[in-house]
Amino acid sequence: GMMSSHPWNVAIVSRWADILPMVSQNKQIDLVVFWAHDLLQIPTVRHVYHWSNVFVAVSQFHAMSMFHPCPENTAEMTEAVMPNGVDLGMFRLDPEPERQFGKLIWTSNPNRGLPSAVRKLRDIRKRFGKQFELHIYGRAANYGWTPDHEAAWIANIDEPGVYLHEGLPKQELARELMSSWAFFYPSHWPETFGISALEAQAATLENQVASLT
């Protein structure tokens with residue numbers, strides 16, 4: 001009700017395109033912005049074109065993969081790209097942490113493929129040695145969710161070489177990334193611009209495990 005009655009100057013809708021028609025009922029809103037977040041497909045794509053003035057994607061690839069070509073593109077709408085980013089200052093540590101050979105790190109949401117990572121770690125340890133360990137810092141609580149949300153993804157995680165940590169403040173997480181040997185993220189999630197991967201790049205990590213296979 002508030003979206004259709006409050007005198008907003010600008011309304012920014014994140015991900016949920018199906019509420020755009022309701023927002024459009026408010027004639028006092030001058031500008032409607034749809035921020036696509038990490039979506040690759042929108043079932044209600046016509047809502048985006050018909051009811052918003054600006055569409056914001058996180059990359060050109062993101063925008064192209066969602067909407068082009070699209071017969072619904074009949075309205076005048078501005079497309080904008082606003083990339084994700086990280087604070088590089090977090091990674092300017094003096095002295096820099098020493099790299100720990102074999103320390104693999106997972107920092108993303110556990111439902112984006114964590115069970116696959118644990119299975120792959122099992123194979124890596126059999127093939128290359130038990131010095132490889134997986135340290136998991138991506139937890140449901142980092143996203144404001146309850147432990148119940150991640151239960152299915154960490155149920156069988158109690159095995160040699162796997163360490164489940166609580167979430168860390170960004171500065172401390174940056175130190176863990178910089179001390180790790182590789183960012184280990186065999187995800188099945190349709191990422192558009194994963195911040196966890198961007199942070200790993202900022203820490204100058206390379207996936208050296210791939211070079212072993």
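The values are calculated or read from the model by the stated rules, or taken from the named source; none is laboratory data. All of these numbers come straight from a predicted model, not from anything done at the bench. Note: ideal-geometry Cβ built from the backbone for every residue, glycine included; neighbour counts use all protein chains shown. Heavy atoms of the whole protein, side chains included, go into the accessibility calculation; ligands, DNA and RNA do not. Shrake-Rupley method; radii C 1.70, N 1.55, O 1.52, S 1.80 Å.
Tabulated results
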| item | result |
| --- | --- |
| Where trypsin sites (Lys or Arg not before Pro) fall in DSSP loop in segment 116-201, at most 11 other Cβ within 10 Å | 130 |
| Distance in nm between pseudo-label sites at residue 12 and residue 172 (7 Å out along the Cβ direction from Cα) | 2.9 nm |
| Semi-axis lengths (Å, descending) of the ellipsoid that matches the C-alpha gyration tensor of the chain | 40, 18, 17 |
| Cβ-Cβ FRET estimate between residue 25 and residue 189, R0 fixed at 45 Å, reported to 0.05 | 0.85 |
| Inter-label distance, nm, simple model (7 Å from Cα along the C-beta direction), residue 79/residue 163 | 4.5 nm |
| Accessible area, probe 1.4 Å, largest first, for residues 199, 176 | 176, 199 |
| Straight-distance crosslink candidates among lysines, where the alpha carbon sits under 29 Å from residue 103 and sequence neighbours closer than 8 are dropped | 120, 126, 130, 170 |
| Around residue 168: net Lys/Arg minus Asp/Glu count, Cβ-Cβ under 14 Å | -1 |
| Within-11-Å neighbourhood charge of residue 36 [Cβ basis; K, R +1; D, E -1] | -1 |
| For residue 139, net neighbour charge (Lys/Arg +1, Asp/Glu -1) across residues whose Cβ lies under 9 Å away | -2 |
| Reachable lysines, given that their alpha-carbon falls under 18 Å from the alpha-carbon of residue 27 and they are not under 8 places away in the same chain | none |
| Length-normalised contact order of the chain in % [C-alpha pairs under 8 Å, at least 6 apart] | 19 percent |
| Cα long-axis angle, helix 114-128 against the chain (0 to 90 degrees, to the nearest 10) | 30 degrees |
| GNM flexibility winner over the chain from 186, 147, 110 (Cα, springs under 10 Å) | 147 |
| Chymotrypsin sites (Phe, Trp or Tyr not before Pro) restricted to segment 91-122 and DSSP loop, no more than 12 other C-beta within 10 Å | 101 |
| Accessible-area composition of the chain, carbon plus sulfur, in percent [1.4 Å probe] | 54 percent |
